[in-house]
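Here the structure is laid out as structure tokens; the discussion comes afterwards.
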Amino acid sequence: MESNKKIVVLGAGESGVGAAYLAQQQGYEVFVSDFGGITDNYKEQLQGWNIRFEENQHTEAEILKAVEVIKSPGIPDKAPIIKKIKEKAIPIISEIEFAGRYTNAKIIGITGSNGKTTTSSLTYHILKNAGLNVGLAGNIGKSFAYQVATEKFDLYVLEISSFMLDDMFSFKVDIAVLLNITPDHLDRYDYKLENYAASKFRISQNQTAGDYFIYCADDPETIKGMVGRSFAAQQLPFSIEKKIEQGAYLEQDNIVINIHQQHFQMSIHELALQGKHNIYNSMASGIVAKVLELRNPSMRESMGNFKSIEHRLESVAVISGISFINDSKATNVNSTWYALESMTSDVVLILGGVDKGNDYGMLKDLVRQKVKAIVCLGKDNRRIHDAFEDVVEIIVNTYSAQEAATVSYHLATKGDTVLLSPACASFDLFKNYEDRGRQFKQAVKEL
């Protein structure tokens, strides 16, 4: 690689810093530019590697000299600097696309509006426990680029968002999983669901006849999106509504997986993850495991002992007979729908934050059945009031995790559940959904 080749990385978060390190390792001259501030830990890493960077600005003269730009998934196409880079016809790619060039590992890519993190974590758990040399990356953990630079994994489980897929062109996934497509992030897709769906289907681009495409046969938007698209990969659907020849289905409370001569069966009551949506997540992970020809006893053990991830329907405490659950990772309405659907008691629901054009209508029936009070946690709660004032008698505004926990505790009675499942992004009052979840857990412990 000639050292005069310059790569610019936009955004100095986990993916950007990892990409910068890999680019430097591959002999590129690297410059990192972040329009906001860079956190101390990432700054120290860049300094330690002698990688040049800037924060709180984009120096155009410097950026427009790049042969290629690696963009953080969080930067929208309408950002002024992106428009300028495109005018100069400099290629813009994602960190995943870049890292994919430097590994021969087998790739399992998991996308979908809901269940990505759970399914990626579960799949990784099953593979690792079976003794495979596997890494977990993408939207989760250490960046893919950093792991490609520092590890020698035989295969990777990647959690891939639609924003990452938008900037992926020649990257190929050997086993692709599309869990579902529901309205989310529509603000980035001209408020058109079909644009967002098209993004998700990029997971199957570049696949060949030796690859696999795993999808939910019960998801109407997925089925709609498959019409008129061609898939080179072998298709393995999963369903809880009908019998599937090749793929997974439900038979008398048992998950059944059939792939070529591979057969697997397990009772849904033995799964570590409970709730209807988790049957789908477990089926998707199970199909991946069977494609890789893992042994049934090992799979059953892993699918039965998996520990749920932090901030996803995480039990925090039981105080005076009231259960507190942290589902801060529910940043869209669909996630909150799943959370409510799995509740078996009366609920005090904590909702709110930055609303991405949410349609709260889909929650109304479940809220009517299960929710006795709504506690809003956000700067602007008008749309929540408008959506639910006819359905729920008590709707209260709060402006901190501590206030929300205290108010919820007073509204709940013995046997109830206080559920933090906000259906919104968190950055009006918090750094991110993890920060929101941790502050909530801390507040519950102080009750």
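The values are calculated or read from the model by the stated rules, or taken from the named source; none is laboratory data. A quick note: this is a predicted structure, and the numbers were derived from the prediction, not measured. Note that each Cβ is placed from the backbone with ideal geometry, even for glycine, and that neighbours are counted across all protein chains shown. Note: accessible area is taken over every heavy atom of the protein model, side chains too, but ligands, DNA and RNA are not part of it. Shrake-Rupley method; radii C 1.70, N 1.55, O 1.52, S 1.80 Å.
Overview of results
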item: Spans of helices (runs of 4 or more DSSP H) in the range 321-406 with at least 3 residues buried (at least 17 other Cβ atoms within 10 Å of the Cβ) and under 20 Å from the mean Cα position of the chain (by Cα); result: 333-341
item: Qualifying residues in the range 132-155 (those that are within 16 Å of residue 294 (Cβ to Cβ) and in contact (Cβ under 8 Å) with a residue 24 or more places away in the chain) - the one most open to solvent (accessible area, probe 1.4 Å); result: 154
item: Filter result for residue 312 (within 17 Å of residue 110 (Cβ to Cβ), basic (Lys, Arg), in contact (Cβ under 8 Å) with a residue 12 or more places away in the chain and in a loop (DSSP other than H, G, I, E, B)); result: yes
item: Residue that is nearest to residue 282 (Cα to Cα), among those in the range 199-238 that are open to solvent by less than 70 Å² (accessible area, probe 1.4 Å) and of a type in the set (Lys, Arg); result: 200
item: Counted residues, the range 295-305 - those being in contact (Cβ under 8 Å) with a residue 40 or more places away in the chain and either open to solvent by less than 10 Å² (accessible area, probe 1.4 Å) or part of a helix (DSSP H, G or I) (or both); result: 5
item: Odd one out for residue 239, checked against (1) in contact with a helix residue (DSSP H, G or I) (Cβ under 9 Å, 6 or more places away or on another chain); (2) within 18 Å of residue 173 (Cα to Cα); result: (2)
item: Residue in the range 112-129 that is surrounded by fewer than 20 Cβ atoms within 10 Å (Cβ to Cβ), touching an Asp or Glu at 6+ places or on another chain (Cβ under 7 Å) and within 23 Å of residue 193 (Cβ to Cβ) present; result: yes
item: Pick from the range 1-50, criterion farther than 21 Å from residue 142 by Cβ and open to solvent by 60 Å² or more (accessible area, probe 1.4 Å), ranking: modelled with the highest pLDDT; result: 29
item: Those strands (runs of 3 or more DSSP E) lying entirely in the range 145-244 with at least 3 residues more than 15 Å from residue 116 (Cβ to Cβ) and touching a strand residue (DSSP E or B) at 6+ places or on another chain (Cβ under 8 Å); result: 234-238
item: Per-region count, the range 409-428, residues within 21 Å of the chain's Cα centre (by Cα) and aliphatic (A, V, I, L, M); result: 4
item: Positions within the range 424-447 being among the small types (Gly, Ala, Ser) and modelled with pLDDT of 95 or more, in sequence order; result: 437, 443
item: Cβ-Cβ under 8 Å pairs, at least 6 apart or on other chains, the range 343-367 side free of Cβ contacts under 8 Å to residues at least 40 places away in the same chain, far side polar (S, T, N, Q) and open to solvent by less than 20 Å² (accessible area, probe 1.4 Å); result: 362/334
item: Which listed residue, of 292, 313, is surrounded by 15 or more Cβ atoms within 10 Å (Cβ to Cβ), hydrophobic (A, V, I, L, M, F, W, C) and at positive phi; result: 313
item: Helices (runs of 4 or more DSSP H) completely within the range 1-115 that count 2 or more residues being under 17 Å from residue 168 (Cα atoms) and within 26 Å of the chain's Cα centre (by Cα); result: 14-25, 95-100
item: Residue tally, condition surrounded by 22 or more Cβ atoms within 10 Å (Cβ to Cβ) and closer than 14 Å to residue 176 by Cα, over the range 96-106; result: 0
item: Flag for residue 163 being aromatic (Phe, Trp, Tyr), farther than 23 Å from residue 292 by Cβ and at pLDDT 85 or above; result: no
item: Some residue of the range 20-31 being charged (D, E, K, R) and more than 18 Å from residue 149 (Cβ to Cβ); result: no
